[in-house]
1. Between 0 and 90 degrees, rounded to the nearest ten: what's the tilt of helix 24-42 against the longest Cα principal axis of the chain?
2. Under 8 Å for C-alpha pairs, at least 6 residues apart: give me the relative contact order for the chain, rounded to a whole percent.
3. Once the dipole of the chain is set up with Lys and Arg at +1 and Asp and Glu at -1 on Cβ about the Cα centre, which of PRO86, THR12, VAL67 lies farthest towards its positive end?
4. Rounded if a/c is under 1.5, else prolate if a/b is larger than b/c, else oblate: which is the chain, with a ≥ b ≥ c the root eigenvalues of its Cα gyration tensor?
5. Quote the charge dipole size of the chain about the Cα centre in Debye, to the nearest 20; the model charges only the Cβ of Lys and Arg (+1) and of Asp and Glu (-1).
6. With springs only between Cα atoms under 10 Å apart, run a GNM on the chain and tell me which of PRO66, PRO57, PRO79 wobbles the most.
7. On average, how much accessible surface per residue is there in the chain, in Å², for a 1.4 Å probe, leaving out ligands, DNA and RNA?
Amino acid sequence: MPWVEEHERGGTKVRRYFRWAPGARRDLSVLVLLGIAVAGYGGTTSASGGGSSGPVPRPRSTATYPVHFEGWNDPKPAPRPTVSYPIRFDR
């Protein structure tokens, strides 16, 4: 996106200007609107009058680690084909 220097075109003096790439104005406006939306969404504060200070407590986890699933120590064999060649069926 270069600067186009001052020049004369058809007898008319054209001043220096910045040439935008095709679609660049729309892309820039979408990017700016997205930035405003993110800033507006991220900057909201609680409107409640509770006045609580400090971090919000996290819920306690009820999971026990390491996690074990049923049949973990005695896995069932995976199904295997009975033949090693493909069986073709008539259509």
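1. The two axes meet at around 60 degrees.
2. Worked out over the chain, it gives 14 percent.
3. Of PRO86, THR12, VAL67, it is THR12.
4. Taking the square roots of the gyration eigenvalues as a ≥ b ≥ c, the chain is oblate.
5. 280
6. Between PRO66, PRO57, PRO79, it is PRO79 that shows the largest mean-square fluctuation.
7. About 109 Å² of surface per residue is accessible.
The values are calculated or read from the model by the stated rules, or taken from the named source; none is laboratory data. Computed from a predicted structure; not experimentally measured. Positions of Cβ are backbone-derived with ideal geometry, glycine not excepted, and every protein chain shown enters the neighbour counts. Keep in mind that these areas ignore ligands, DNA and RNA; they rest on the heavy atoms of the full protein, side chains included. Shrake-Rupley method; radii C 1.70, N 1.55, O 1.52, S 1.80 Å.
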